[in-house]
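Contents: one structure, followed by commentary.
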Amino acid sequence: MDAGKILVVDDDQNICELLRLYVEKEGFEVVIANDGRVALEVFEAENPDLILLDIMLPELDGWQVCREIRKHSQCPIIMLTAKGEVFDKVLGLELGADDYVVKPFEAKEVVARIKAVLRRLGKNSSETVKEVKYDKLSINLTNYELKVNGVQVDTPPKEMELIYHLASNPNRVFTRDQLLDEVWGFDYYGDSRTVDVHVKRLREKLEGVSDKWALKTVWGVGYKFEVKE
């Protein structure tokens, strides 16, 4: 069974072949690129389901590749970073990376991360449509569409996932760390500024739309999607 297509981007041939071996064993198809420019070309041509993306690359680095892809695609990205490199977690979150793995890594761990990201994003299963609706608001995570008063509002992927997560659990308070873990999926308690920035942007889109719900700050704790009875 074809589990999907993975684009591996790394300038180390040995790492690429090791990953190919383990990832193909799990039923995935693997395509490889060894520098940033080629990675963008292969991405356009192959339309992969997920990208394993090294940060230190010739031509364009991993940050630049991630930024370019995020301009027009929500394809999941797992960053690969060498031990000792300063991995800027806030930058990774802001650019839209879905996870990261530190080298040297166990290939089995990378395969587990791939499966976890695809499972979390519902890419690996025939799930029902993920949609929640409130007064004058529709959040469709299957199509990544946010509609206010029936009009589609341009919303980046992580903002969509954040508002969907909150609105799917009305009146439940989430800490910033919970949201980082459950929406971004990073296995660390990262910098809460990222959550604040995304909530601020969502507020700008949703402020004053309805008096039946609101995106609320719970001071000293975190955030909730409040629904009035």
*Ranked by how many other beta carbons lie within 10 Å on average, peptides 71-82, 46-57 from highest*: 46-57, 71-82
*Using modelled backbone amide H atoms (1.01 Å from N, in-plane), which distant-in-sequence or interchain residues come within less than 5 Å of residue 26's amide H?*
none
*Using only the Cα atoms, what convex hull volume per residue in Å³ does the chain have?*
123
*If amide H atoms are built 1.01 Å from N in the plane of the peptide, which residues on other chains or at least 5 residues away come under 5 Å of the amide H of residue 100?*
79, 187
*For a quick protection proxy, order the peptides 18-26, 60-68 by their average other-Cβ count within 10 Å, most packed first.*
60-68, 18-26
*Working from Cα positions, state the angle (0 to 90°, nearest 10) between the long axis of helix 107-120 and the longest principal axis of the chain.*
30
*In whole Å, what three semi-axes, largest first, describe the equivalent ellipsoid of the stretch 147-229 built from its Cα gyration tensor (square root of 5 times each eigenvalue)?*
21, 15, 11
*Name the most mobile residue of 131, 41, 94, meaning the one with the largest mean-square fluctuation, in a Gaussian network model of the chain with Cα contacts below 10 Å.*
41
*Nearest 0.05, what FRET efficiency do residue 109 and residue 46 give at R0 = 25 Å with Cβ-Cβ as r?*
0.55
*How big is the Kirkwood radius of the stretch 34-79, worked out from every pair of different alpha carbons and given in Å to one decimal?*
10.3
*In bins 5 Å wide, starting from 0, what share of all Cα pairs of the stretch 6-125 does each bin hold, as a percent?*
2, 12, 25, 28, 22, 10, 1, 0
*Please find, in a Gaussian network model of the chain (springs between Cα atoms separated by less than 10 Å), the residue of 110, 183, 197 whose mean-square fluctuation is greatest.*
197
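A short reminder: the numbers here are calculations on the coordinates, not readings from a lab. All values reported here derive from a predicted model rather than from experimental measurement. Methodologically, a virtual Cβ is constructed for each residue, glycine included, from the backbone with ideal geometry; neighbour enumeration extends over all protein chains shown.
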